[in-house]
Amino acid sequence: MKNQVTSYVLIRYQFPKTIAIKARREIPYEFKLASRLLLDEMVFEFNKHRLEEQINDAIDQQDIEQFNALSKQYAKYVK
């Protein structure tokens, strides 16, 4: 697979010369993809649990309008 490349240039300032030190680090595409998928899953689960708590609070308070609105949002997570 294609590697994503990140390049850095580190400069040490010395009077009267400047010396540039170049560093290069390659991060495999698989690592970036795996980390992105993990973060997406964590955000998905957090939002789903937050909606469940809000729906339970609406049921406890017997707020039908809020329950209906939250249920429509929660339906996207259940599919």
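The values are calculated or read from the model by the stated rules, or taken from the named source; none is laboratory data. A quick note: this is a predicted structure, and the numbers were derived from the prediction, not measured. With ideal geometry, Cβ positions are generated from the backbone for all residues, glycine too; neighbour counts draw on all protein chains shown. What goes into the accessible areas is simple: the full protein's heavy atoms, side chains included, and nothing from ligands, DNA or RNA. Shrake-Rupley method; radii C 1.70, N 1.55, O 1.52, S 1.80 Å.
Pairs please, first residue from segment 60-79 and within 17 Å of PHE46 (Cα to Cα), second anywhere and open to solvent by less than 90 Å² (accessible area, probe 1.4 Å) and in a loop (DSSP other than H, G, I, E, B), Cβ atoms under 8 Å, 6+ apart in sequence or on different chains.
Listed pairs, sorted by first residue: none to list.
Checking ALA75 against (1) out of contact with any Leu (no Cβ under 6 Å at 6 or more places or on another chain); (2) at pLDDT 95 or above: exactly one of these is not met. Which one?
Condition (2) is where ALA75 drops out.
Applying the selection to segment 35-68, what residues are small (Gly, Ala, Ser) and modelled with pLDDT under 95?
SER35
Restricting the search to segment 55-64, which residues are part of a helix (DSSP H, G or I) and open to solvent by 60 Å² or more (accessible area, probe 1.4 Å)?
The answer is ASN56, ASP57, ILE59, ASP60, ILE64.
Can you pull out the residues in segment 32-54 that are surrounded by 11 or more Cβ atoms within 10 Å (Cβ to Cβ) and under 9 Å from the mean Cα position of the chain (by Cα)?
SER35
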